[in-house]
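> Following this message is one structure expressed as structure tokens.
Coordinate-derived values only; no laboratory data. Because the structure is a prediction, the values reported are computed rather than measured. In this analysis, Cβ positions are derived from the backbone assuming ideal geometry, glycine residues included, and neighbour counts consider all displayed protein chains.
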Amino acid sequence: MRYHIWTVGCQMNQADSQKLAAGLDRLGWAEVGEPDEADLVVLNTCAIRDHAEQRAIGKLGALKKLRGRGAGFKIAVMGCMVGPKTEELERRFPFVDAFARPQQFAPIMEAIGHDDLGGEFWPETFTAPDSVTAYVPIVHGCDKFCAYCIVPYRRGRERSRTIADVRSEVEHLAARGVREVTLLGQTVEAYGHDLAEQPDLGDLLRELHELDGIARFRFLTSYPKDMTPRIIDAVAELPKVCEYFNIPVQSGDDAVLERMRRGYDIALYREKVALIRDRMPDAAITTDIIVGFCGETDAEFQHTLDLVEEVQFDKVHVAAYSPRPGTIAYRKLADDVPQETKLARLHAIEQAEAVISGRINGRLLGKDVEVLVEGLKPGPDGEPASFGRTRGNKLVHVPGEAHAGDLVAVRIERASPWSLGGTPAAAVAV
Ligand code: 5AD
Ligand code: SF4
């Protein structure tokens, strides 16, 4: 039997798709590249913005044509488009055989006539890595209920995996050639508060650090209020943990943050950035920003632009506010910023950020940086070249065929806001 999985959305969705694939592999199924070669097609969907949902709906429209292949062919929809109630989805998409909430794979197993593989998140089912880098979810769900966000309604409350569970997954990956592991959580510093021993992310990092084979660890995504000096100390002290932080600020204005119900103000955000830079002056800090949130004035937006200049982020993921039915903002606040204004603000942030990342990357010219080679990507004229990432997660192109999984020192010779290029200087021993 053959399956095809189509995935959009965040890193957690990618990890969920890999977990489902691992489960289907265990049953002896084979993955295929095209839906029309498959006996089971799964769409792993995202609902963070309307645009993401529309992509999945478009894809579903295309799949409907395959329905004629008979009852043996199954279509499943999983991920953040699926909430606790599926009646409306069933009515809109009657040709779909199974709807599965994020990480709740049982309905898909049922549709293909199998029992569930057991336990929440299938702790005994390990992903077969297809790269030297891998994602490992450590805390599922989100308890924060930011006013604009659909995630807590779709992924449920925060639940941490035990250290032993995470450790055995990382050991499995290390034994199969994985060199870099990114630990995932919607608010990753929430890790452990619901476990009996109450370990924190720092404790987990210290324990995983001992494992052989893995050269680097990262973690995503940080929630400013949950980031503690203890966690920052662990990152600073552990050589394998990259000095890389993705800390969404969402807005640079206190009144907007309050309307968003983010639970912190800019003073607290600045404090956390200072704590990190005090311990790790070269740390890469990236952020997420929403422009055009309900009632956002020109002056409030200007505060966001000012913060981008002040903090000098290595990268900014910026999005225009998209109202999500069921969220607090959808119910209580008017989506009153015109679309043109949202787009103008989005472009203003992107332009400011391109100048800043160009400047930050430019400072690396002439320096030797540690790169983990991830794979081969021939240059524009077909000449052999490889690519990898720095500890700060910046993409680096290197001429020649380096071996995936090697850590090399690269002397940086070219820099743009989006990537770096250079020549291998020497192998780095780790
Ligand atoms: N509209 C626009 N962007 C959103 N995000 C979350 N919800 C929305 C929404 N309703 C953004 C936030 C978050 C990132 C994953 O997506 O910036 O950090
Ligand atoms: Fe959404 Fe806020 Fe939770 Fe992030 S912290 S997933 S933005 S509710």
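> Provide the gained length on full extension for the span D381 to L211, in nm with one decimal, where the gain is 0.36 nm per separating residue minus the Cα-Cα distance.
57.1 nm
> Calculate, for I328 and R157, the FRET efficiency according to 1/(1 + (r/R0)^6) with r their C-beta to C-beta distance and R0 22 Å; round to the nearest 0.05.
0.85
> Here's something else I'd like to know. How much length, in nm to one decimal, is gained on full extension between Q104 and E237, taken as 0.36 nm per residue of separation minus their Cα-Cα distance?
Gain in length upon complete extension: 44.2 nm.
> To the nearest 500 deg cm²/dmol, what mean residue ellipticity at 222 nm is calculated for the chain from DSSP H runs of n ≥ 4 alone, each contributing -39,500 (n - 2.57), summed and divided by the residues?
-10000 deg cm²/dmol
> On to the next question. Rounded to the nearest 20 debye, what is the charge dipole size of the stretch 86-144 about its Cα centre when +1 sits on each Lys and Arg Cβ and -1 on each Asp and Glu Cβ?
260
> Percent antiparallel among DSSP beta bridges with both residues in the chain, to the nearest 5?
Bridges in the chain are about 35 percent antiparallel.
> How big is the chain by Rg and Dmax over its Cα atoms, in Å?
22.2, 62
> Here is a follow-up. What share of Cα pairs, in percent, lie more than 16 angstrom apart in the stretch 79-146?
Everything past 16 Å amounts to 62 percent.
> Which order do the peptides 329-338, 157-166, 86-95, 239-248 take when ranked by the mean count of other beta-carbon atoms within 10 Å per residue, highest first?
239-248, 157-166, 329-338, 86-95
> Computed FRET efficiency, Cβ-Cβ of L195 and D115, R0 30 Å: what is it to the nearest 0.05?
Computed FRET efficiency for L195 and D115 comes out at 0.60.
> If we sort 79-85, 7-13, 266-272, 31-37 on the protection proxy, mean other Cβ atoms within 10 Å, highest first, what's the order?
Averaged packing, sorted descending, gives the order 7-13, 79-85, 266-272, 31-37.
> How big is the Rg/Rh ratio for the stretch 1-155, C-alpha atoms only, Rh by Kirkwood, two decimals?
My calculation of the ratio gives 0.94.
> Using a simple spin-label model with points 7 Å from Cα along the Cα→Cβ vector, what separation in nm is obtained for Q302 and E88?
Reported label-point gap for Q302 and E88 is 4.0 nm.
> Which Cα, out of I328, T286, V308, lies furthest along the positive dipole direction of the stretch 265-351 (beta carbon charges, K/R +1, D/E -1)?
I328
> Using alpha carbons only, how many angstrom separate the centre of the stretch 1-78 from the centre of the stretch 307-385?
Value for the Cα centre distance between the two parts: 28 Å.
> Hey, got the dipole for the stretch 365-430? About the Cα centre, +1 on K and R Cβ, -1 on D and E Cβ, debye to the nearest 20?
Roughly 300 debye, rounded to the nearest 20.
> Continuing with the same structure: Given I57, L20, A38, which one lies farthest toward the positive end of the charge dipole of the stretch 1-147, if we put +1 on the Cβ of every Lys and Arg and -1 on the Cβ of every Asp and Glu?
Of the options given, the answer is I57.
> Let me check the size of the stretch 268-421 from its C-alpha atoms; what are the radius of gyration and Dmax in Å?
Over the stretch 268-421's Cα set, Rg and Dmax evaluate to 19.2, 56 Å.
> Could you work out how much longer the chain between R359 and R69 gets when fully extended? Use 0.36 nm per residue separation minus the Cα distance between them, nm to one decimal.
That works out to 98.9 nm of additional length.
> If the only charges are +1 at each Lys and Arg Cβ and -1 at each Asp and Glu Cβ, what is the size of the charge dipole of the chain around the Cα centre, to the nearest 20 debye?
Using Cβ point charges on Lys, Arg, Asp and Glu, the chain gives about 740 debye.
> Another question, if that's okay. In the structure shown, do any of K19/K59; K65/K342; K85/K332; K225/K342; K59/K342; K240/K367 have a Cα-Cα gap over 31 Å, and if so which?
K65/K342
> So who's got an amide H within less than 5 Å of the one on A320, skipping anything under 5 residues away but keeping other chains? H placed 1.01 Å off N, in plane.
The list, which skips near neighbours in sequence, is V291.
> Say the dipole of the stretch 75-182 comes from +1 at the beta carbon of Lys and Arg and -1 at that of Asp and Glu; which of F99, A76, Y148 then lies farthest toward its positive end?
Y148
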